[in-house]
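Novice: Can you read through this structure? Questions will come right after.
The values are calculated or read from the model by the stated rules, or taken from the named source; none is laboratory data. What you see is a predicted model, and the numbers here were worked out from it, not measured in a lab. Here the Cβ positions follow ideal geometry from the backbone for every residue, glycine too, while neighbour counts run over all protein chains shown. These accessible areas exclude ligands, DNA and RNA; they are computed on the full protein's heavy atoms, side chains included. Shrake-Rupley method; radii C 1.70, N 1.55, O 1.52, S 1.80 Å.
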Amino acid sequence: MTVSSIYLPRVSRIGAGASGELATVLTELGLSNPLLISDPYMLQCGYVQKLNDQLKRAGFAYGVFTGCVPDPTTDSVSAALNYWEQGQFDCVVALGGGSSIDTAKAVAVLAVHEGEMRDYKAPNPVPVGLPIIAIPTTAGTGSEATRVTVVTDTQTQEKMMCLGVGLMPTAALVDFELTMTMPPRLTADTGIDSLCHAMEAYVSRKANVFTDTIALAAMAAITRHIRTAYQQPDNREAREAMMLAAMQGGIAFSNASVTLIHGMSRPLGAFFHVPHGLSNAMLMPAVTAFSLPGADARYADCARAMGFASVTDNDQQAGRQLLDGLYQLNTDLAVPSPKQFGIDEQEYQRVIVTMAEQALASGSPNNNPLIPQQGQIEQIYQQVWA
């Protein structure tokens with residue numbers, strides 16, 4: 001029997017108000033001078049101030065950097081690192097979506113080990129750096145429970161995946177109330193990102209008995225609640241379910257790996273600034289159709305977990321119903337094609353070969369049930385265009 005290596009945050013607080021326990025968790029971990037890393041929107045909506053007030057009341061010294069950008073780059077990470085160098089901080093606290101958490105993870109490594117993020121691009125190892133406390137404000141990336149960060153190299157425009165134990169948060173404070181202000185588009189995109197995490201983890205060649213159960217639970221919760229969260233932003237039951245499923249999806253893929261969807265999604269996002277969850281959504285049905293023959297029983301399990309098929313359907317029927325269900329989900333959540341998103345067709349065609357090369361180089365396609373050739377990846381990019 002194969003031994004699976006499982007990585008999880010050391011401390012997790014999950015539920016309404018969990019972000020209010022930041023000072024308590026810092027004390028529990030023996031930390032005293034955090035650098036809060038966030039973005040302008042979190043500052044504008046008052047979430048940064050709430051953490052500031054909490055830290056002040058508890059008597060902590062701290063710093064605040066709110067210059068994170070969507071889809072972090074090596075330049076934006078450098079800006080955060082420059083701020084870190086101005087203080088005597090002993091940890092980073094990430095408040096925000098995946099971009100802020102990914103930025104904080106990069107700072108945590110570079111602050112101790114120096115170098116550039118490209119030095120830590122997979123398959124290079126990532127050593128342990130500063131303690132990371134992650135407070136997610138979107139229900140999608142699951143980055144609060146993963147040993148992964150993604151940063152775009154400003155020089156090459158490559159979206160680099162970095163993977164290692166040094167990127168696993170020490171603590172995760174998972175407070176669904178922070179997601180109540182998410183707009184519908186962000187709710188849909190981050191929710192489908194979570195769904196991809198769970199489904200890819202389940203069909204991955206690195207799937208294991210630990211991640212299987214978590215992935216199935218996440219898929220079931222997401223497909224049950226995502227439309228409600230999208231249509232009724234103030235629905236607390238749906239928001240709570242989506243937040244937990246996002247963390248479960250993160251745990252699943254971080255310990256079993258993503259596959260072809262994410263491998264193809266990163267270049268699409270890097271070249272055309274498509275939000276990460278949306279680029280996954282654009283690719284999800286077509287990549288699943290390509291991959292289905294490689295793991296029809298596994299995909300059938302996914303279809304049943306998502307409610308697209310029943311236990312009485314055989315695997316082939318369930319596979320077809322899975323594809324129908326994924327296409328319908330994209331329709332219900334108004335997911336555009338690359339063309340509808342506004343990408344220039346000539347530029348899209350020009351970089352398809354490069355995107356396919358970068359997808360393969362990331363290593364993620366090697367975990368896919370069917371391992372694609374470069375030409376097959378190019379064909380899928382063509383297929384999803386319109």
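Novice: Using a 1.4 angstrom probe with every protein chain in place, what is the largest-first accessible-area order of 304, 350, 239?
Specialist: So the residues, ranked largest to smallest area, are 350, 304, 239.
Novice: Enumerate the calculated ³J(HN,Hα) couplings along the range 47-59 in order (Karplus 6.51 cos²θ - 1.76 cosθ + 1.60, θ = phi - 60°), each rounded to whole Hz, writing x wherever the residue is Gly or Pro.
Specialist: Coupling constants for the range 47-59: 5, 5, 4, 4, 5, 4, 4, 5, 5, 4, 4, 8, x Hz.
Novice: Normalized C-alpha radius of gyration of the range 227-386, against 2.2 N^0.38 Å? Write out the running numbers ahead of the final one.
Specialist: Numbers: Rg = 16.2 Å, N = 160, 2.2 N^0.38 = 15.1 Å.
Taking the Cα Rg and dividing by 2.2 N^0.38 Å, one obtains 1.07.
Novice: For the range 38-45, take each phi angle, set θ = phi - 60°, evaluate the Karplus expression 6.51 cos²θ - 1.76 cosθ + 1.60, and give the result in whole Hz per residue in order, putting x for glycine and proline.
Specialist: Residue by residue, the range 38-45 yields 8, 10, x, 5, 5, 5, 5, 7 Hz.
Novice: Would you tell me the accessible area of residue 271, worked out with a 1.4 angstrom probe on the heavy atoms of the protein chains, in Å² to the nearest 10?
Specialist: 50
Novice: Out of all DSSP beta bridges with both ends in the chain, state the antiparallel percent to the nearest 5.
Specialist: Approximately 20 percent, going by the DSSP bridge assignments.
Novice: Another question about this same structure. Provide the three semi-axes, in whole Å and in decreasing order, of the ellipsoid equivalent to the chain as defined by the square roots of 5 times the Cα gyration tensor eigenvalues. List each step's numbers first, then the result.
Specialist: Numbers: eigenvalues 209, 106, 75 Å².
Three semi-axes, in Å: 32, 23, 19.
Novice: Heavy atoms only, 1.4 Å probe, whole protein assembly: order 144, 116 by accessible area, highest first. It would help to have the intermediate numbers written out before the result.
Specialist: Numbers: 144 5, 116 85 Å².
Accessible-area ranking of 144, 116, largest first: 116, 144.
Novice: Hey, if we sort 90, 344 by accessible area with the 1.4 Å probe, largest down, what's the order?
Specialist: Descending accessible area places them as 344, 90.
Novice: How big is the Cα convex hull of the range 1-147 in projection, averaged over all directions, in nm²? Walk me through the intermediate numbers first.
Specialist: Values: hull surface 39.0 nm².
Projected area, direction-averaged: 9.8 nm².
Novice: In percent, how large is the relative contact order of the chain, given Cα pairs closer than 8 Å and 6 or more residues apart?
Specialist: 15
Novice: Using the Cβ atoms and a cut-off under 13 Å, what net charge is assigned to the surroundings of residue 221, where Lys and Arg are +1 and Asp and Glu are -1?
Specialist: Around residue 221, the charge tally is +1.
Novice: Determine the relative contact order of the range 280-386: mean sequence separation of Cα pairs under 8 Å and six or more apart, normalised by residue count, in whole percent.
Specialist: Values: 87 pairs, mean separation 35.5, N = 107.
It rounds to 33 percent for the range 280-386.
Novice: Go through the range 213-226 residue by residue and turn each phi into a ³J(HN,Hα) via Karplus (6.51, -1.76, 1.60, θ = phi - 60°); whole Hz please, and just put x for glycine and proline.
Specialist: With the stated coefficients, the range 213-226 comes to 5, 5, 5, 5, 5, 5, 4, 4, 5, 5, 5, 6, 10, 5 Hz.
Novice: Normalising by the residue count of the range 56-105, find the relative contact order in percent from Cα pairs under 8 Å and 6+ residues apart.
Specialist: 41
Novice: On to the next question. What figure in square angstrom, to the nearest 10, would you give for the accessible area of residue 28 with a 1.4 Å probe?
Specialist: 110
Novice: Note down, for the range 107-191, the three equivalent ellipsoid semi-axes (square root of 5 times each alpha carbon gyration tensor eigenvalue), biggest first, whole angstrom.
Specialist: In descending order the semi-axes read 26, 17, 10 Å.
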